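Notes follow the structure.
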Amino acid sequence: MADDCDEQVSDSAKKPVEEQQSKFIVAKLSALAVAMFVFAFWVMPPLYTLLCEVTGLRKVGGAYTPVANVVDESRLITVQFIASQNEAMPWVFKPEVFEMKVHPGQVANVAYLAENPTANTMVAQAVPSITPYNAVNFFHKTECFCFERQPLAAGESAELGMQFIVDRDLPKKVKTITVAYTLFDITDRTGNKDQEQAAQEQTKKPSLALR
Amino acid sequence: MAHGPDKGLSRWLFTTNHKDIGSMYLWFSFLMFLVGGVMALIIRAELFEPGMQIVDPNFFNQMTTMHGLIMVFGAVMPAFVGLANWMVPLMIGAPDMALPRMNNWSFWILPFAFAMLGSTLFMEGGAPNFGWTFYAPLSTTYAPPSVTFFIFAVHIMGASSIMGSINIIATILNMRAPGMTLMKMPLFVWTWLITAYLLIAVMPVLAGVVTMMLMDIHFGTAFFDAAGGGDPVLFQHIFWFFGHPEVYIMILPAFGVVSAILPTFARKPLFGYSSMVYATAAIAFLSFIVWAHHMFTVGMPLFAELVFMYATMLIAVPTGVKVFNWVATMWKGSMTFETPMLFAIAFVILFTIGGFSGLMLAIAPVDFQYHDTYFVVAHFHYVLVPGAIFSITAGVYYWLPKWCGHMYNEVLGKTHFWLAFAGLNITFFPMHFSGLAGMPRRIPDYHDLFADWNMISSIGAFLFGAAQILFLYIVIRTIVSGRKATQEVWEGSHGLEWTVPSPAPYHTFDTPPEVK
């Protein structure tokens, strides 16, 4: 881009033209650098989330739209429950039953037991994962403790409930669905509000925090 | 108008001269090369035998991390910027860089960045220990407190690289001598033009990802934290979107250096000049669409694995064009084997080996076995050491007579080459085998099964390290007391840089040369 200009301009006039061109190039390239930062910081994360949602990579169940509930009694699906704690999480956390057989379309309930053995009030958040991948869209949670944060006072324990329906459109191949919950300690990110709330709840009967 | 350099320290602090700044970049990168090299030797000393001998695991991890960061950002990249500063204006007939003051600044912020990074070694909790790829959550949730200093150091390095790149592009596009069209530029200039664009495109992405880390650590965001709705895999995508072009940033200028040296000592013009230019551009383009081949094992859909696998293999095509062009340049040439030529030929052979192991890694189904083993370590050291380091060394031997006006000692130079060549292969070739046998990388202890390969690697590493001390001695000796070099230096040399006296005067091309 610069070479055809250079040949036409005389030597004395060349310097300012050259400088002007330099400024233009610098402006363009700086804009490119800024644009790439913006791209990395504000475009890539939402784009990634969008892509994961479109491809179903990160879908962990979703809102259930009710239809006439017909139970498909021709099939029996095994649903397995796994509970684990994130590395730094001292709570006891396990399902009441580890396995359950349900018909597609049937409303089922399962409870998890959580206990805070530490001397501090803590807040937890459960993050679910469902396998196999082709069952993800057909496992509907209608009520779940994982929808909310779980505050527990020191030494307190609670029964955490989940209600689910396996969709009648579940692919025929799928005979077993595994639901895994990982419990994260989010006390540090929740501030005092939740802890006060937890302290109040200590006096009441442990609530299931169901919605 | 013509005046010499200032006296004393202020010459170096306030200089805007491309030759001064080029020299400072080169010396700085050599210092960093030695520091990173000492860290590599600590790693190899610990791995000499199975079991824990010298350092504790946390310090071992700090060493692998700092070795990688210092070699990539402190040794290879500044060395190429130094070569560009020295040679690009001389090659295109320009009196200096387009933006001399910014040039000064882009160099002088580097020592501060690396002082900051190096100081983390002495902080409570130690230096970064999460690997040079600093994957979250290792670099966020589980990082030592010094990670914040690491983040700011990366910010400064990025700023330096971006400024340097803008400068190089402005110089190349704007300050070529009359008659030097784009397709008449030496290939070193071409490869740097394309590299500079890569740098401007991806260094801000690196800045972005470390900024996200900073916010996750200190400001309660959750970009990479699953508990807060983020995703650690996102980190890997953004990092490698920077990281893969970064690989080519470290190798494209090397292609340029080798393409300058081979024709000189084969006494033939470069074979397929324009295909070299297009191949460089093709590699640069492809580098943006292959990043996920670094993360085949992360749990991507099959379709994505296939796309990234095929795209990666496509890179072998333009790279193959280059290798064949270099071989064709030497074919039936009147070759002589001076030190720069030896390094350049070793580059062609060994870089090709590194390329082949890269192709093996690109095959997604087998990558599951190779992933995070010493096979990967062998691969990237085969492209970086004989690729980047050998080409820089070749360039230094090739242009040193022009810089300082003295010839180096050929016997010492060749001794350096053979020591380095042997050391390199003894160090890194056995890693292919230990890797294929399953030895994981970044682990201070290992199964007895791998003992022999590791002992050989460690011996080679100390040999390679010793060769670099000889290199330092050769360079200093040449500057102080070599025999006088001629203006052309090499019998077969051609190009504008050989039309100025040796040593190159402080100011060159005040009136632009005419290029026919």
(request) Quick one: angle between helix B:100-119 and the longest Cα principal axis of chain B, in degrees between 0 and 90, rounded to 10, please. (result) 30 degrees
(request) Taking 7 Å along the Cα-to-C-beta vector as the label spot, tell me the A:Ala119-B:Thr148 distance in nanometres, rounded to one decimal. (result) 2.9 nm
(message) What distance in nm separates the two pseudo spin-label positions at A:Val92 and B:Lys516, each 7 Å out from Cα along the beta-carbon direction?
(response) 9.3 nm
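Return the average number of partner chain Cβ atoms within 10 angstrom of each residue Cβ along peptide B:169-178. Intermediate values should be presented prior to the final figure.
Numbers: counts 4, 10, 2, 2, 8, 13, 5, 3, 2, 5.
Averaged over the peptide's residues, the number is 5.
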(message) Quick check: Cα centre of the range B:168-245 to Cα centre of the range B:1-39, how many Å?
(response) 25 Å
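Once you have a ≥ b ≥ c as the square roots of the Cα gyration tensor eigenvalues for the range A:77-203, tell me rounded if a/c is under 1.5, and otherwise prolate or oblate according to whether a/b is larger than b/c.
prolate
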(request) Express in whole angstrom the spacing between the alpha-carbon centres of the range B:485-516 and the range A:164-188. (result) 72 Å
(request) Work out the mean other chain Cβ neighbour count within 10 Å for the residues of B:56-65 and drop it here as an integer. (result) 0
(request) Any aspartates and glutamates with Cα under 19 Å of the B:Lys402 Cα? List them, leaving off those in the same chain fewer than 8 positions away. (result) B:Asp20, B:Asp96, B:Glu338, B:Glu410, B:Glu488, B:Glu491, B:Glu497, B:Asp510
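Going by average Cβ density within 10 Å per residue, which order do the peptides B:294-307, B:24-37 take, highest to lowest? Don't skip to the end; give the middle numbers.
Values: B:294-307: 15.1, B:24-37: 20.6.
So the peptides B:294-307, B:24-37, ranked by packing, come out B:24-37, B:294-307.
When you count, for each residue, the other Cβ atoms within 10 Å and take the mean per peptide, how do B:434-444, B:257-267 rank with the highest first?
Details: B:434-444: 18.5, B:257-267: 25.2.
In decreasing order of mean packing, B:434-444, B:257-267 become B:257-267, B:434-444.
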(message) So if each residue of separation counts as 0.36 nm, and I subtract the Cα-Cα distance between B:His494 and B:Leu182, what length gain in nm does that give?
(response) 110.6 nm
(message) Give the average, rounded to an integer, of partner chain Cβ atoms located within 10 angstrom of each Cβ in A:20-27.
(response) 5
(message) Kirkwood hydrodynamic radius, computed over distinct alpha-carbon pairs, for chain B: how many Å, to one decimal?
(response) 23.5 Å
(request) Please give the contour-minus-distance gain from A:Thr176 to A:Ala27: 0.36 nm per residue of separation, less the Cα-Cα distance, rounded to one decimal in nm. (result) 47.7 nm
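Calculated FRET efficiency, B:Ser274 and A:Asn109, Cβ-Cβ r, R0 60 Å, to nearest 0.05?
On the way: r = 72 Å, r/R0 = 1.20.
Efficiency at R0 = 60 Å is approximately 0.25.
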(request) Report the full-extension gain for the segment B:Leu34 to B:Tyr506: residue separation times 0.36 nm, less the Cα-Cα distance, to one decimal in nm. (result) 167.1 nm
(request) Could you estimate the translational diffusion coefficient of the protein assembly as shown from the Stokes-Einstein equation, with Rh from the Kirkwood formula over C-alpha pairs, at 4 °C and 1.567 mPa s, in whole µm²/s? (result) 45 µm²/s
(message) Going through the cross-link list A:Lys141/A:Lys172; B:Lys7/B:Lys484; B:Lys268/B:Lys484; A:Lys23/B:Lys7, which pairs have a Cα-Cα distance over 29 Å in this structure?
(response) A:Lys23/B:Lys7
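Values quoted throughout were computed directly from the atomic coordinates according to the rules given, and no laboratory measurement underlies them. These numbers were taken from a predicted model, which means no experiment stands behind them. Using ideal geometry, Cβ is built from the backbone for each residue, glycine included, and neighbour counts are taken over all protein chains shown.
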